[in-house]
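First the structure, in the form of structure tokens, and then the observations on it.
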Amino acid sequence: MAVATDDDIVYLYCEDTAEKDGKTPVSQDTVFDIASVSKTFTAVCILQLQEKDKLSIDDTLDKYFPEYEKGKDITIYNLLHMNSGIPDYMNNPDPFWNISGAEAADKQLSDILQDKTTDEQFLEALYNAPLMFEPGTQFSYSNTNYRLLAFIIEQVTGMKYCDYVQKNIFDKCGMKKTTSMAKDDMTYVPVDFEEQAAYGFTDENGYPVCPNNSRGDGGIHSCVSDMIAFDRALFGGKLLSKNSMEILLKDDDSYCCGLNQDKNGYSHDGSSLSCSANNKIIESDELGYVYVITLERTGNSVQNGADIIAEPLEDTGYTRGTVKDGVYINEYADIKMTLPEGYESIEVEDLPSVMSGFEKEDKRIESAKRCDNLFYDGNGSGNAIEISFLNTKLGVPDDSDYTEEEYLDDYIELMARAGEDDEDGWTIKSKDINKAILGGKEYVRAKSVIDYHGNTEFNYFARKIDDELMYIITMSINNDESVSDFEKLFE
């Protein structure tokens, strides 16, 4: 992690460990996959080409993809601002690839992440994929948008995306260790990647293996020192004109161009299968621009493993729930829930839900909880239902009785503290804790409203099963009418 101004490095922290050669200490030059932070680079490339009259952000996609009938209603501007309506080929694969079910999704994602899908197959799927909404009317984060921008860059320049970004950004900024569409150049050491490797999502060492399929929306590998150089050049006017910077930083219904607008600046984060990245630019009257770059490998080793509870539900009566014929059943908790129409079960492993960057007691609460099942709306609404269990004896530092009200209050407060410095600028606006009946059993219900590019309501239901176990339902369903319909699923 580094904090820098245009003149100084104010703060630098590096994990006390070695790079993949086993001897070089991790430093500001250690190379990570910056994943979706790459989108900022793609947006800059597009605006550079507009300055050179190679394209216009008002161009419609049929100019570049004549076979794409829906493209006549979608502009480059829509792609830049994530309001095209095109499904996300990675995070919402079912409608984009015309597949169904978790097994098919895993197979498709494995093929993407191993570069087994071609550009031609990607475009064929695009041409047949339904739009989620009329272009320009809603925000929906979709990696497909920025993958298509990379294709457009390649068309108008006659260069590979990696060569264009190398010549027009990396070289101009003096980014000596940064690459795009490359393999075997990252020097951090992945941890806890065995499951991803087994699915074919990474190589046997935990590194990404899809240089072709990660371009535009991800796939840039960089280090803290190079990212500082990029931020300084971008906000110092060395990459784009003043007019283009205004376009880049214009927030249109939740998203700028490869950046999110925060309450005090701009940011973007990214997450690959074995590391994460965040690039934050803070506007300061006193210091000018302040750049905060965080690159870290995912896994318990970077989240203070001493605070993580390895087997939180061991020695309790917990048994995992089952899903059959659209019905979720957990016999120990005496729960039977019919899945809402269109909802699908996501296979989840028995892993603790751990949030990094919090105080010890916050980590303890979350690491004492396991996700039992996760269900999402296959119709593309983004709604989801998570079923979790909490070991209440392990969830608090002392041995006191941990009530449903206390847990829900703690959890919402934990999320509120996260939101204070979140790169996307969300905050908890309100919370309300009361009672609810699900399937004849009394729950404590908490409702919180999150300001996240507009208000989103979350509902949480908690019930003590015995002296040690608490049953928790988290819903990202946005209104009381939907919650009322949800309650009927237990009757």
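Which of the residues that make up the range 321-339 are closer than 24 Å to Asn379 by Cβ and in contact with a Ser or Thr (Cβ under 9 Å, 6 or more places away or on another chain)? Matches in the range 321-339: Val323, Gly326, Val327, Tyr328, Ile329, Leu339. The C-beta contact set for the range 79-101 (first residue without any contact (Cβ under 8 Å) to a residue 24 or more places away in the chain, second residue β-branched (Val, Ile, Thr) and part of a helix (DSSP H, G or I), distance under 9 angstrom, 6+ apart or interchain) comprises Pro93/Ile112. Residues considered: Ser430, Ser367. Of these, the only one that is at pLDDT below 75 and more than 19 Å from the chain's Cα centre (by Cα) is Ser430. Based on what the data block shows, is Leu287 among the hydrophobic types (A, V, I, L, M, F, W, C) and modelled with pLDDT under 95? Yes. For the range 32-63, the set of residues classified as among the polar types (S, T, N, Q) and assigned to a helix (DSSP H, G or I) consists of Ser36, Ser38, Thr40, Thr42, Gln48, Gln50, listed by residue number. For the range 208-218, indicate whether the set of residues that are touching a helix residue (DSSP H, G or I) at 6+ places or on another chain (Cβ under 6 Å) and outside any loop (DSSP other than H, G, I, E, B) is non-empty. No: zero hits.
Within the range 88-120, being surrounded by 14 or more Cβ atoms within 10 Å (Cβ to Cβ), over 18 Å from Asp217 (Cα atoms) and of a type in the set (Asp, Glu) holds for Asp94, Asp106. Checked across the range 64-74, the condition of being over 23 Å from the mean Cα position of the chain (by Cα), part of a loop (DSSP other than H, G, I, E, B), assigned by TED's automatic domain parsing to the domain that holds Leu126 and without any contact (Cβ under 8 Å) to a residue 60 or more places away in the chain holds for at least one residue. Residues of the range 163-209 that are modelled with pLDDT of 90 or more, more than 27 Å from Ile153 (Cβ to Cβ) and aromatic (Phe, Trp, Tyr): Tyr188 alone.
Condition check ((1) without any contact (Cβ under 8 Å) to a residue 12 or more places away in the chain; (2) of a type outside the set (S, T, N, Q); (3) in contact with a helix residue (DSSP H, G or I) (Cβ under 7 Å, 6 or more places away or on another chain)) across all residues:
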| site | (1), (2), (3) |
| --- | --- |
| Phe193 | no, yes, no |
| Tyr199 | no, yes, yes |
| Ile228 | no, yes, no |
| Asn243 | yes, no, no |
| Cys256 | no, yes, yes |
| His268 | no, yes, yes |
| Tyr289 | no, yes, yes |
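Restricted to the range 454-489, and to residues that are assigned to a loop (DSSP other than H, G, I, E, B) and surrounded by fewer than 17 Cβ atoms within 10 Å (Cβ to Cβ), which residue is modelled with the highest pLDDT? Top of the filtered list is Asp466. Among the residues of the range 319-354, just one is buried (at least 18 other Cβ atoms within 10 Å of the Cβ), modelled with pLDDT of 90 or more and among the hydroxyl-bearing types (Ser, Thr, Tyr), namely Tyr328. Taking the numbered list (1) surrounded by 15 or more Cβ atoms within 10 Å (Cβ to Cβ); (2) among the small types (Gly, Ala, Ser); (3) without any contact (Cβ under 8 Å) to a residue 24 or more places away in the chain in turn, Ala129 passes all entries but (3). The one condition from (1) farther than 24 Å from Ala43 by Cα; (2) touching a Ser or Thr at 6+ places or on another chain (Cβ under 6 Å); (3) not charged (D, E, K, R) that Gly218 does not meet is (1). Condition test on Val3, is it part of a helix (DSSP H, G or I) and under 24 Å from Ser284 (Cα atoms)? Here the answer is no, as Val3 does not meet what is asked. Restricting the first member to the range 401-425 and to residues that are in the same structural domain as Ser367 (by TED's automatic domain parsing) and at positive phi, and the second to residues that are at pLDDT below 70 and part of a helix (DSSP H, G or I), the beta-carbon pairs closer than 9 Å and six or more apart or on different chains are Gly425/Gly419. Filtering the range 220-269 to residues that are small (Gly, Ala, Ser) and assigned to a helix (DSSP H, G or I) leaves Ser225, Ala229, Ala233, Ser244.
The values are calculated or read from the model by the stated rules, or taken from the named source; none is laboratory data. Keep in mind that this is a model prediction, so the values were computed, not measured. Because the Cβ atoms are built from the backbone with ideal geometry, glycine has one as well, and the counts that use them run over all protein chains shown.
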